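Right, I'll just put the structure down here and ask away after.
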Amino acid sequence: MLEILYRDEHLIAINKPHDLLVHRSYIAADVEVFALQILRDQVGQWVNPVHRLDRKTAGVLLFAFNKDTEIAMHQQFADNLVKKKYHAIVRGHTPDNEDIDYPLRKENGTLQEAFTSYITLKRAEIDVPLGSHATSRYSLIEVTPSTGRMHQIRKHMAHVSHPIIADRTHGCNKQNRFFKANWEMTTMLLHALSLSFTHPITKNTINIEASLESEFKRVMALMNW
């Protein structure tokens, strides 16, 4: 059963677990269980996602109950009118805040502008050696992407040398092995914390927030946060 965060006659939002695909994809042809399928069966009616979350990312995922609402929400996301916040645990001690303005390339080679801001919420230095370092440093950040490119936050944090922990595609292999060996932790530590948008039908401001998954909380405890 998926955790339902918000529901009315037009929209429904869930707290998507880590490692659950939103819908069928050619890049994961062997997968048979999807958030869309589970939610459809759970509520007993047609649903369709209005935005994407990576398979490894947990948090707020919004669906529409009808095509008109789906199209209206797609437009809000395309126009960057939906405010999104994420929490992530990254390698190193990040600055208090940073704006990342770095274009990202699509699969066809086209460059797209991409803009991400973050603030640092907490920093930790733990007494576990890694490589030539006697200790290991990490930061908890709150990320606000202004655009919605594929893997944008993951790519941007890697670009500024603060990759997200357990990001196997864009992260640091040494850190990923370190977390697996020491704590049997392989969950990518990126969480879609909240969405804020104008309801396409009622025109009310809707704010939806999702609590952290257990593995994210476990690592926060390791950091004494």
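The values are calculated or read from the model by the stated rules, or taken from the named source; none is laboratory data. Since the model is a prediction, treat every value here as computed from it, not as a measurement. Note that we place each Cβ from the backbone using ideal geometry, even for glycine, and neighbour counts take in every protein chain shown. Accessible surface is based on the protein model in full, side chains and every heavy atom, while ligands, DNA and RNA are left aside. Shrake-Rupley method; radii C 1.70, N 1.55, O 1.52, S 1.80 Å.
Please pick out the residue among Ile141, Ile119 that is open to solvent by 40 Å² or more (accessible area, probe 1.4 Å) and aliphatic (A, V, I, L, M).
Details: Ile141 fails: open to solvent by 40 Å² or more (accessible area, probe 1.4 Å).
Among Ile141, Ile119, only Ile119 is open to solvent by 40 Å² or more (accessible area, probe 1.4 Å) and aliphatic (A, V, I, L, M).
For the stretch 166-225, name all the residues that are basic (Lys, Arg) and within 29 Å of Asn80 (Cβ to Cβ). Let's see the steps before the verdict.
Here is the first cut: in the stretch 166-225, the residues basic (Lys, Arg) are 168, 174, 177, 180, 203, 217-218.
If the condition is that a residue be basic (Lys, Arg) and within 29 Å of Asn80 (Cβ to Cβ), then Arg168, Lys203 are the ones that fit.
I would also like to ask the following. So which pairs qualify, if the first residue must be in the stretch 200-224 and open to solvent by less than 60 Å² (accessible area, probe 1.4 Å), the second must be assigned to a strand (DSSP E or B) and of a type in the set (Phe, Trp, Tyr), the Cβ gap must be under 8 Å, and the two must be at least 6 apart or on different chains?
These pairs meet every condition: Ile206/Tyr6; Ile206/Phe197; Ile208/Tyr6; Met223/Tyr138.
Further question: Find all pairs meeting these conditions: Cβ atoms under 7 angstrom apart; at least six residues apart or on different chains; first residue within the stretch 40-55 and charged (D, E, K, R); second residue open to solvent by 40 Å² or more (accessible area, probe 1.4 Å) and assigned to a loop (DSSP other than H, G, I, E, B).
From the stretch 40-55, the pairs are Arg40/Trp46; Asp54/His151; Arg55/Asp19.
Out of curiosity, is Arg149 open to solvent by 60 Å² or more (accessible area, probe 1.4 Å), under 18 Å from Thr57 (Cα atoms) and at pLDDT below 95?
Values: open to solvent by 60 Å² or more (accessible area, probe 1.4 Å): yes; under 18 Å from Thr57 (Cα atoms): yes; at pLDDT below 95: yes.
Answer is yes for this residue.
Listed residues Thr135, Thr110; which is at pLDDT below 95, closer than 24 Å to Val22 by Cβ and hydroxyl-bearing (Ser, Thr, Tyr)? Step through it out loud before you land on a result.
Numbers: Thr135 fails: closer than 24 Å to Val22 by Cβ.
One residue alone meets the criteria, Thr110.
Here is a follow-up. Could you list, in sequence order, the residues of the stretch 60-116 that are surrounded by 16 or more Cβ atoms within 10 Å (Cβ to Cβ), assigned to a loop (DSSP other than H, G, I, E, B) and β-branched (Val, Ile, Thr)?
Val82, Thr94, listed by residue number.
Considering only the stretch 150-225, give the helices (runs of 4 or more DSSP H) lying wholly within it that have at least 3 residues that are out of contact with any Pro (no Cβ under 8 Å at 6 or more places or on another chain) and aliphatic (A, V, I, L, M).
214-222
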